[in-house]
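Please read the structure below before turning to the comments.
The values are calculated or read from the model by the stated rules, or taken from the named source; none is laboratory data. This structure is a prediction, so every number in the text was calculated from the model and none was measured. Note that we place each Cβ from the backbone using ideal geometry, even for glycine, and neighbour counts take in every protein chain shown.
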């Protein structure tokens, strides 16, 4: 990895990364601010949720109800909003770090320096992971701050909340690896972004449809998002012993394949 290039890229993309991080932190704090008022009426809300079709509750992470702060946060934030934020980040930034530079001719300037293609690709992968880590870390800190400010009390929040964020990091590390591979294989920025978006939101849609309808539940087995179950983590019933390592392995495979292909392919420089 090239440390000077890493510093340069982090400086270039830091504003965008922290925009995502602060946006995520804001929504997290908003959820904790809303929870005390929701908790007062949780029994009535849970009755309404129980009246929904089972598939709808499962699809949107409502099966755990709103009886605890973990259940509320997992359903209202980790079940949808954070997934959308990180999906957009991974597809957009993976494209900007490689395919966009190739498309605009800027990659030629990077490769004209005394640094190998492999080091350039590895550095760009490290920048992408650093951005993802920053967003998840800031979101986690905002969660602890929101819990302390607006909820307080109890000691069961920390381990489940940390596990939830670890699985989020693993899931989007896998998404980043796949998107990075697509970016390394593309010469056109728009095409790379389109393909990464179709893959990422295709996985999300398959998981969502599989939850809604049992007749097409097999679609979930084709999606990375089936390994991400925030409601079960919040309830303490998740069996995540294999899911997190598997997601990290998928991400590593994607990054490794992307770096290897970038080293070997012909570039229009």
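Taking segment 181-196 as the range and being more than 16 Å from residue 255 (Cβ to Cβ) and either buried (at least 18 other Cβ atoms within 10 Å of the Cβ) or in contact with a strand residue (DSSP E or B) (Cβ under 7 Å, 6 or more places away or on another chain) (or both) as the test, the residues that pass are 189, 193, 195.
Residue 178 fulfils the conditions (1) surrounded by fewer than 19 Cβ atoms within 10 Å (Cβ to Cβ); (2) closer than 29 Å to residue 118 by Cα; (3) touching a residue at least 24 places away in the same chain (Cβ under 8 Å) except for a single criterion, (1).
Considering (1) exposed (fewer than 15 other Cβ atoms within 10 Å of the Cβ); (2) within 15 Å of the chain's Cα centre (by Cα); (3) within 24 Å of residue 71 (Cβ to Cβ), the lone condition that residue 241 does not fulfil carries the number (2). I'd like the full set of residues that are buried (at least 16 other Cβ atoms within 10 Å of the Cβ) and free of Cβ contacts under 8 Å to residues at least 40 places away in the same chain, limited to segment 210-228. 210, 219, 220, 223, 226 - these are the residues of segment 210-228 that are buried (at least 16 other Cβ atoms within 10 Å of the Cβ) and free of Cβ contacts under 8 Å to residues at least 40 places away in the same chain.
Highlighted here are the helices (runs of 4 or more DSSP H) found entirely within segment 156-269 that include at least 3 residues which are more than 28 Å from residue 95 (Cβ to Cβ): 157-184, 230-235.
Selection of segment 100-110 for residues being part of a helix (DSSP H, G or I) and surrounded by fewer than 16 Cβ atoms within 10 Å (Cβ to Cβ) yields 104, 108, 109. When residue 166 is tested against (1) farther than 18 Å from residue 24 by Cβ; (2) modelled with pLDDT of 90 or more; (3) surrounded by fewer than 19 Cβ atoms within 10 Å (Cβ to Cβ), exactly one condition is not met: (1).
Could you tell me which residue of segment 1-31 is surrounded by the most Cβ atoms within 10 Å (Cβ to Cβ), considering only residues that are within 21 Å of residue 117 (Cα to Cα) and under 21 Å from the mean Cα position of the chain (by Cα)? Per the stated criteria, the residue is 9. Selection of segment 112-128 for residues being assigned to a helix (DSSP H, G or I) and touching a helix residue (DSSP H, G or I) at 6+ places or on another chain (Cβ under 7 Å) yields 117, 118, 120, 121, 122, 123, 124, 125, 126, 127, 128.
Every residue, every condition in (1) surrounded by fewer than 16 Cβ atoms within 10 Å (Cβ to Cβ); (2) under 25 Å from the mean Cα position of the chain (by Cα); (3) farther than 26 Å from residue 30 by Cα; (4) in contact (Cβ under 8 Å) with a residue 40 or more places away in the chain, yes or no:
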{"residue": "76", "(1), (2), (3), (4)": "no, yes, no, yes"}
{"residue": "79", "(1), (2), (3), (4)": "no, yes, no, yes"}
{"residue": "97", "(1), (2), (3), (4)": "no, yes, yes, yes"}
{"residue": "112", "(1), (2), (3), (4)": "yes, no, yes, no"}
{"residue": "132", "(1), (2), (3), (4)": "no, yes, no, yes"}
